[in-house]
Amino acid sequence: MPFERRLAGSRSMSVFARALDVQQETRAAPWAGRALFALTILLLGLGLLWLYSASSFVATSEGLPGTYYLVQQATHAGVGLVALAAARFIDYRIWRRLAWPLLIVSIILLVIVILPGTEAIAPRVNGARRWLRLGMTVQPSELAKYALVLWVAAVAVKKQDRLHSLRYGLGPFLVVAGGICGLLLLEPHFSAALLTAVVTTVVLFAAGARLGHFALMAGFGLPLAWVVVTHAGYRSSRISAFLHPTPGAQGVGYQLRQSLIAVGSGGMFGVGYGASRQKLYYLPEPQNDFIFPIIAEEWGLVGSVLVIGVFLAWTLVALRIAASAPDLFGRLLAIGITALIAVTAFGHIGVTLGVLPTTGINLPFVSAGGTHLVMALFGTGVLLNIAAQRRC
């Protein structure tokens, strides 16, 4: 079935296209790729600046040089930029043929992380096993998220005529995505599992899956998610702290409380670069899960709006690239990568502002984290390649 006929017959895809205000004959603006690259470099540069301020005290308190996290992040950024350049010049259609192998490899890595007897290469850190140490530290969940997006995009194109069927169309996606989410929950890594589920849903919706099926899945999935949350005492405590932050200020609500103090202390223009007080033993993980409050404290409302504005601009430009991709696979792949980075970014900001329950989410291009940064830059490179091969 031709691409145009598939798109016209897909109600949810038509809704998505109208939301982007895109016609089939449009082509991407020449500036889309250049704008996305510029915004990425801006976030990367500002991220190194912000990370150094947020992490220097943490590093020295751990007996490390004050520049420890900065040097690590700069090294990872260098690797990520090489990955971005490579992905920019590799035809994105090649990834469609590699969808199954990459998915299988990522699943194997996720299994190795949680297997008994692999503690030597997959140690438990803060109660979770999420990393593999194979000469370098790798976080398989980050690889799995991108591999799953690639696989869903590739298989959704192949199953276009059957996506309206819950059993033969949507069912296989639910089995694979549900299996990966289950492995992530065993680490445990609840935020990664939730993000994986959300992004998979976004890609399938864009591909043309029925809204009624998503409503049916939500009817079964939400009670299951509630069981997962309440089964772990710390997760249910975080929900309580989210709903009532003040009573839990010295318990599970401590992070949120200190995060809001940091944001409120910044005022309009902030306390000044490097002058944050909340990073001095008050706010845990200021270099990772709670870096946005440090930015807000030191740069004020102006800096906070800058962060949100740049991520919003990045998302809109990436969606523009997705909307004008040469084929359905390119469009779905671009939508999936965009959703991964955008949902993570705004999820991080929402958690630190108390809009969402507390959970560990990095700020893309900014938070300390090697695999996360490299994969975000790699994904950006894929988007740049899609932009370079737009409709002509």
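Readers should treat all values here as calculations from the given coordinates under stated rules, not as data from a laboratory. In this text the structure is predicted, and so the values were computed from the model without any measurement. Cβ sites come from the backbone with ideal geometry, for glycine too, and all protein chains shown count toward neighbours.
The table below gives the values:
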quantity	calculated
Net charge over other residues, Cβ less than 12 angstrom from the Cβ of Glu298 (K, R count +1; D, E count -1)	+1
Kirkwood-Stokes translational diffusion coefficient of segment 100-231, alpha-carbon pairs, 37 °C, 0.692 mPa s, µm²/s	211
Packing rank of 178-185, 128-135, where each peptide gets the mean count of other beta carbons within 10 Å, highest leading	178-185, 128-135
Within segment 100-231: Cβ-based charge dipole about Cα centre, in debye rounded to nearest 20 (Lys, Arg +1; Asp, Glu -1)	180
Cα-Cα separations in segment 295-392 greater than 18 Å, expressed as whole percent	51
Neighbourhood net charge (13 Å Cβ-Cβ; Lys/Arg +1, Asp/Glu -1) for Leu132	+1
Among 103-113, 201-211, 136-146, the order from most to least packed when residues are scored by Cβ within 10 Å on average	201-211, 136-146, 103-113
12 Å beta-carbon shell around Thr118, net charge (K/R +1, D/E -1)	+2
